[in-house]
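First the structure, in the form of C-alpha cells, and then the observations on it.
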Amino acid sequence: MKLSYSAYMSYKTCPRKYYYERVYPIPQLRYADSEVGNYLHNYFYSVLNGENESVDADKIWEKIKGESILISAKEIKDDFQDFDDMVAYYSSLSDKIILWRDEKDYVNKIKMGIENSIKIAKALNLKSFNVEKWMNAKIDDLLIYGRFDIISENDIFELKTGGEREDYYLQLAFYALIFYLKNYIIPRGRLVYLQNGKIIDVKFNFNVLNEIMEDVIKVGKGIKNEDFPANKGENCRFCPYKFICDY
C-alpha cells in the first residue's frame, strides 16, 4: 500500500473524505493561488541555478491567466442533485481560474515572491542541491513517498508561497521520516516562505520521527481496515462531498 503526505492528511482530516476522493474522484479545479505558487516555485529554482532574470509581475500574471475565464471562489456552486451533477459542473470549470482575492493582490504576491526569491537564494547560497526529487521508504508493507522541493546534503527544504501554518511542520516531519528511513540520517528541515522572506529551521530527533511513524502506521491500518468514519467539523464547510455525506 502507498501513502503520500496529501493522502495521509486527507485521512487524518476526515477518513470519509479520503474514501470519497478515491471512490468518487472529481476533476481538479484551477485556483489562482496554486497557479501563482507553481510559478514562484519554478522561479525560485531558476534563481538557485543562477538564472537571476528580471521579470515583470504584471506580465507574469497576464501569462498565468492566458485565455482562462476568471471567477470568484464565492461563485462556486456547492449544492448538487447527485454525484454526476457535481462531476459535470466541475468539468465545466476546466477553462476557468478561481480567485480568492482581487487580481492586483495576485500581482503583488508575484512581485513579493520574486523579490524574496532573490534575497533568500543569496542567503542560502546552496552549492549542491536537487529540486522536486521523489523519494520513498517502506514501513513494513506500507510505502510512504513524497516529492521534496529541495534537498541539499542533509537539509530538506519546503517552499511556501502563502502565509505561515502549523501543519507545514507536520508535512516537513513526514518528509524527514522518509529521508531518515532511506538514508539513516536525521535531516534538518527548513521552511522557506517566499512571501515574508523567512527561513525557519526545524530540528528533528528520534522521538519526533518515531511519533509521526506511529501515526502514519495508524493511518495505514485505518485505510486497510476500511475504517472511514466522518469527522464533522470546520473542514466540512469547504468539502465538495458534503452533499452526499451522511454524517
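The table for this structure:
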item: Computed magnitude of the charge dipole of segment 2-238 (debye, nearest 20; Cβ of K, R +1, Cβ of D, E -1); result: 580
item: The chain: most fluctuating residue of Y43, Y20, Y184 per GNM, C-alpha cutoff 10 Å; result: Y184
item: Neighbour-count order for V216, V202, fewest beta carbons within 10 angstrom listed first; result: V202, V216
item: Bridge type composition, segment 2-238 - antiparallel percent by DSSP, nearest 5; result: 55
item: Rg ratio (alpha-carbon, reference 2.2 N^0.38 Å) - the chain; result: 1.11
item: The chain: DSSP helices with Cα axial extent of at least 20 Å and average Kyte-Doolittle hydropathy no lower than -1.0; result: 32-48, 103-124, 167-183, 206-224
item: Low-density loop positions, GluC sites (Glu not before Pro), segment 205-247 - DSSP coil, at most 15 other Cβ in 10 Å; result: E226
item: Built amide H within the under 5 Å cut-off of G146, gap 5+; result: M135
item: Packing-based exposure ordering (other Cβ within 10 Å, fewest first) of M135, M1, M9; result: M1, M9, M135
item: Residues C14, C239, C245, sorted so that the one with the fewest Cβ neighbours within 10 Å comes first; result: C245, C239, C14
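Values quoted throughout were computed directly from the atomic coordinates according to the rules given, and no laboratory measurement underlies them. Just so it is clear, the model here is predicted, and its values are computed rather than measured. Here the Cβ is made from the backbone with ideal geometry for all residues, glycine too, and neighbour counts use every protein chain on show.
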